[in-house]
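This report concerns only the one structure given below.
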Amino acid sequence: MSVLEVDALSINFGGVQALREVTLRAGEWEIVGIIGPNGAGKTTLFNCVTGFYSPTSGRVRHRGRDITAMPVHARAALGIGRTFQNVGLVKNATVLENLLTAQHLRIGYDPVTGMVGGPATFVEERGLTDRAHQLLELSGLAGHAHARVADLPYGLLKRIEIATVLATDPDLLLLDEPGSGLGPEEAHSLGDTLLGLRKEFGLTIVMIDHHVPLVTRISDYVYCLNFGEVLAEGRPDVVRRHPEVVRAYLGEEEAAS
Ligand SMILES: Nc1ncnc2c1ncn2[C@@H]1O[C@H](COP(=O)(O)OP(=O)(O)OP(=O)(O)O)[C@@H](O)[C@H]1O
């Protein structure tokens, strides 16, 4: 069974058809890349999957369950985690505080007793802190736990955001341009981190990015959107060299790189 299934999804904004009959699958442990020109509908697709937008037609399923009409918070509770194009962190707090806040929001925190979780699942605060440190380590952020987010370079913020979403324990991670603003080495290293996180947590990752070498290297399967439609899909190297993808998006040079 697929972790995420999007079936014939369409959405209109006034006269603009942002998505037209888009069908996409992401299986257990898979990394699925989404590429395509600006305005192709990539972020709109994430907004439909996470419940920020209601599609005009089509269905969204998580592990076989139809979630098309489910509110945003309920989808998050099911295990759909997401990062945004613009980093959404509490800049004045430390990296660790950002992660702990996300954990508390996920499982409930009683400020009087200092306990988290429901009565049957009380977990010591210590356990959460240990887990947060483990996530920081696996996200390539060891040593930055007590740094204020505002004092850290942009290249690390994307990683902190990913670690913060992982603190909510998702099984499906939607990443909106994690490689944007990163140089080739930083993007390569982020790719290694994502492969490691997938292996450690058995995650399914769907990743939008314009950083084609990153997408091609770590994705199992790639979709290219253009004007709200799936222009091409398949193995990364096949999609990268697809004549329509080269024409509409990549150009000869990038396709060959
Ligand atoms: N809330 C909205 N209201 C009106 N139009 C919208 C809305 N959200 C998206 N659109 C339109 O839908 C189309 C797809 O936008 P979207 O942001 O999904 O593209 P994208 O592929 O993510 O682009 P980029 O790579 O630049 O982030 C665009 O024409 C955009 O203007």
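Within the group VAL32, VAL16, VAL95, VAL49, which residue is over 17 Å from the mean Cα position of the chain (by Cα) and either assigned by TED's automatic domain parsing to the domain that holds VAL149 or within 30 Å of GLU137 (Cβ to Cβ) (or both)?
VAL95
Have a look at GLY88, GLY58 and point out the one that is assigned to a loop (DSSP other than H, G, I, E, B), touching a residue at least 24 places away in the same chain (Cβ under 8 Å) and either surrounded by fewer than 18 Cβ atoms within 10 Å (Cβ to Cβ) or in the same structural domain as ASP209 (by TED's automatic domain parsing) (or both).
Criteria check complete, one pass: GLY88.
When the stretch 166-187 is examined, which residues are found to be crowded, with 17+ Cβ neighbours inside 10 Å and not in a loop (DSSP other than H, G, I, E, B)?
Scanning the stretch 166-187 gives LEU166, LEU172, LEU173, LEU174, LEU175, ASP176, GLU186, ALA187.
May I ask you to say which residue of THR23, THR68 is more than 16 Å from the ligand (Cβ to nearest atom) and without any contact (Cβ under 8 Å) to a residue 40 or more places away in the chain?
Of the residues listed, the single one that is more than 16 Å from the ligand (Cβ to nearest atom) and without any contact (Cβ under 8 Å) to a residue 40 or more places away in the chain is THR68.
Quick check on the stretch 1-38: of everything there that is in contact with a Gly (Cβ under 9 Å, 6 or more places away or on another chain) and open to solvent by 50 Å² or more (accessible area, probe 1.4 Å), which residue is farthest from ASP209 (Cα to Cα)?
MET1
On the given criteria, is ARG198 in a helix (DSSP H, G or I) and either under 23 Å from LEU19 (Cβ atoms) or assigned by TED's automatic domain parsing to the domain that holds GLY140 (or both)?
In short, no.
Would you say GLY196 is on the phi > 0 side of the Ramachandran plot and either open to solvent by 20 Å² or more (accessible area, probe 1.4 Å) or within 16 Å of the ligand (Cβ to nearest atom) (or both)?
The answer is no for GLY196.
The values are calculated or read from the model by the stated rules, or taken from the named source; none is laboratory data. Keep in mind it's a predicted model, so treat the numbers as computed, not measured. Neighbour counts are summed over all protein chains in view; Cβ atoms, including those assigned to glycine, are modelled from backbone coordinates with ideal geometry. Surface accessibility is based on the protein's heavy atoms, side chains included, excluding ligands, DNA and RNA. Shrake-Rupley method; radii C 1.70, N 1.55, O 1.52, S 1.80 Å.
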